[in-house]
1. Tally Lys/Arg at +1 and Asp/Glu at -1 over every other residue whose Cβ is under 12 Å from the Cβ of PRO74; what's the total?
2. How far, in nm, would the chain grow between ALA89 and ARG55 when pulled straight, counting 0.36 nm per residue and subtracting the alpha carbon separation?
3. Using unit Cβ charges (K, R positive; D, E negative) and no other charged atoms, how large, in debye to the nearest 20, is the dipole of the chain about its Cα centre?
4. Name the residue from PRO74, VAL33, GLN86 whose Cα lies farthest towards the positive end of the charge dipole of the chain, charges +1 on Cβ of Lys and Arg and -1 on Cβ of Asp and Glu.
Amino acid sequence: MAQRKIIHVDCDCFYAAVEMRDDPSLREVPLAVGGEGGRGVVTTCNYKARAFGVRSAMPGGEARRLCPGLVTVPPDMARYRAVSKQVMAILRELTDLVEPLSLDEASWMSAR
């Protein structure tokens with residue numbers, strides 16, 4: 001009997017990765033997407049920000065206290081959806097059994 005595998009893909013710090021891809025100057029700084037303003041919440045951050053203790057779902061004020069040099073950018077959901085479609089298209093080149101779970105996550109079953 002052929003053995004099938006379920007594979008799960010989760011694009012880590014997806015929104016921040018898209019921002020860094022599109023603006024190379026953001027690659028060298030601690031970066032958070034979201035978290036601006038008095039009541040803003042960090043949606044994600046890059047690894048440079050994580051080194052200071054910044055995490056997803058953290059209030060922006062707390063993130064800025066932990067990481068004074070934190071650069072924040074507003075979320076651009078339309079752009080993230082477009083990139084997500086590109087990622088899912090790549091996965092669908094491998095199999096048509098892709099099940100998207102969110103913009104940056106998918107599972108699929110291998111044909112063998």
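1. Around PRO74, the charge tally is -2.
2. Answer, rounded to one decimal: 9.3 nm.
3. For this selection, approximately 200 debye.
4. Result: VAL33, furthest along the dipole toward the positive end.
Read-outs throughout are calculated quantities, based only on the coordinates presented, and are distinct from any laboratory measurement. This is a predicted model, so every value here is computed, not measured. All Cβ positions, even for glycine, are placed from backbone atoms using ideal geometry, and neighbour counts span all protein chains on display.
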